[in-house]
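In what follows, a structure is listed as structure tokens, so that the remarks can point back to it.
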Amino acid sequence: NITVITYQKAAEYSRHRSAEFLKKVEEAAYIIYDEIHYILEDSTFNPDINYFINEVLLMQNKKAVEIFMT
């Protein structure tokens, strides 16, 4: 079972605290962040990215192996 979500959609789900999305993040075995530099580049003008950082990247109860690519 593979879920593919863009950063923009993930940020939107995070901003709205989508329970379904956050549950998928908590239960994921792997999370692959492609184009991770997006977070640094967009963080200055995209306020939703802060929700993504707080709700996904800094999530404490994740079990996933996280892979960061650029």
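Over segment 29-70, the reciprocal of the mean inverse Cα-Cα separation, the Kirkwood hydrodynamic radius, stands at 11.0 Å. Measuring with a 1.4 angstrom probe and ignoring ligands and nucleic acids, residue 45 comes out at about 140 Å² accessible. Relative contact order of the chain: 47 percent, from C-alpha pairs under 8 Å at least 6 residues apart in sequence.
With K and R counted +1 and D and E -1, the other residues having a Cβ less than 12 Å from that of residue 28 yield a net charge of +1. Only DSSP H runs of four or more residues enter the estimate; each adds -39500 (n - 2.57), and after division by the residues of the chain the mean residue ellipticity at 222 nm equals -10500 deg cm²/dmol. About the centre of its Cα atoms, the chain shows a dipole size close to 280 debye [charges on the beta carbon of Lys, Arg (+1) and Asp, Glu (-1) only; nearest 20 debye]. Shape index of the chain: Rg/Rh, with Rg the Cα radius of gyration and Rh the Kirkwood radius from the inverse mean 1/r over Cα pairs, equals 0.93.
The values are calculated or read from the model by the stated rules, or taken from the named source; none is laboratory data. In this text the structure is predicted, and so the values were computed from the model without any measurement. Don't worry about glycine lacking a Cβ; one is built from the backbone with ideal geometry, like all the others, and counts go over all protein chains shown. Only protein heavy atoms, including side chains, enter the accessible area calculation; ligands, DNA and RNA are left aside. Shrake-Rupley method; radii C 1.70, N 1.55, O 1.52, S 1.80 Å.
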